[in-house]
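Here's the structure, in structure tokens; my notes come after.
The values are calculated or read from the model by the stated rules, or taken from the named source; none is laboratory data. Here the structure is a predicted model, which means the values were calculated and not measured. FYI the Cβ positions are ideal-geometry reconstructions off the backbone, even for glycines, and counts take in every protein chain you see.
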Amino acid sequence: MADAQMINIGQLVREYATEKKVMSVGFGTYSGTTIAAREWGESMLRMNIPAAIEGSWDSLLHELGDGTNNILIFKNDTENKNKLSEEEHVDGRRGQRAIGVVYNPEYEMYGNYVPTNLTKRYDAFLHIDKTRALQPLHLPQLREDPDLPETYPYGL
């Protein structure tokens, strides 16, 4: 975003509250389901998240963690930050999947990934290998994405 001269909410909070009072935590997943709209203004759907594309942070963390959930902490941890940079190439830029209020699995290869340097963008990063969308308490049952199998979430 900085390369495109754009500012996100994390940057605004850091500038307002100062870096010493803010901890920026990123989230990522290899696959699963999420609740989002396909476009701004559309209704929310429960939709599939396909397996992360090869070479992305989400794919690398899946491989390194052998399918487990992990948290990486970068803030105030120069020794481990440097060690990770050397051993796991964490300090480089690679694609990180962006899932937010709007997400469209059809754009997976063309717009859902943001070039990211994890150690510069976040103070910590939580990788949940396989997510499962939750039902918002304040809303009626969500429409299912037509791409989900009829037997979801049981897979029978």
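Quick notes on this one:
- Meets criteria (at negative phi and modelled with pLDDT of 80 or more) for Glu19: no
- Candidates Glu79, Glu86, Glu106, Glu150: the one that is closer than 17 Å to Thr33 by Cα, more than 15 Å from the chain's Cα centre (by Cα) and at pLDDT below 80 is Glu150.
- Residues of region 20-66 satisfying the condition of being of a type in the set (D, E, K, R) and outside any strand (DSSP E or B): Lys20, Lys21, Arg38, Glu39, Glu42, Glu54, Asp58, Glu63, Asp66
- Listed by first and then second residue, the pairs linking a residue in region 129-144 that is farther than 23 Å from Arg97 by Cα to a residue that is modelled with pLDDT of 75 or more and of a type in the set (D, E, K, R), with Cβ atoms under 7 Å apart and 6 or more places separating them unless they lie on different chains, are Leu142/Arg46.
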